[in-house]
Amino acid sequence: MITKKELKGFLEGKWDVTFEQIVKELKVDKREFNIIKKKLEELEEDGWIRKSFCGDHKIDEYDLGIKQGYH
């Protein structure tokens, strides 16, 4: 199981990361998808990442949040 700290470290300094990329690169089991989604929501609430919709690719992406220096 991926911890919130591991997920935070994985997303540090990254732009345009999709949920699919996260689960693929971290080798997350499908049974853990809801847990990872909840942790992503928590990181968004913490200001570590921000979630946005990419109109070009028609998918949600995660980018740097204010706590990573994005203003």
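Just so it is clear, none of the values below were taken in a lab; they were calculated from the coordinates. Nothing here was measured: the structure is a model prediction, and the numbers come from that model. Here Cβ is always computed from backbone atoms with ideal geometry, including for glycine, and neighbour counts include all displayed protein chains.
Quick notes on this structure:
- Given +1 at the Cβ of Lys and Arg, -1 at the Cβ of Asp and Glu and no other charges, the dipole of the chain around its Cα centre is 240 debye to the nearest 20.
- Contact order for the chain, expressed relative to its length and based on alpha carbon pairs under 8 Å spaced 6+ residues apart, stands at 36 percent.
- For segment 4-45, the dipole from Cβ point charges (+1 on Lys and Arg, -1 on Asp and Glu) about the Cα centre works out to 220 debye, to the nearest 20.
- Summed side-chain charge close to K8 - residues other than K8 whose Cβ falls under 9 Å, Lys, Arg +1, Asp, Glu -1: 0
- Spin-label pair S52-E20: with each label point 7 Å from Cα along the Cα-Cβ axis, the two points sit 2.0 nm from one another.
- Global size of the chain: 11.5, 35 Å for Rg and Dmax (C-alpha atoms, Rg to one decimal, Dmax whole).
- Neighbour net charge for K51 - beta-carbon separation under 11 angstrom, K R +1, D E -1: -4
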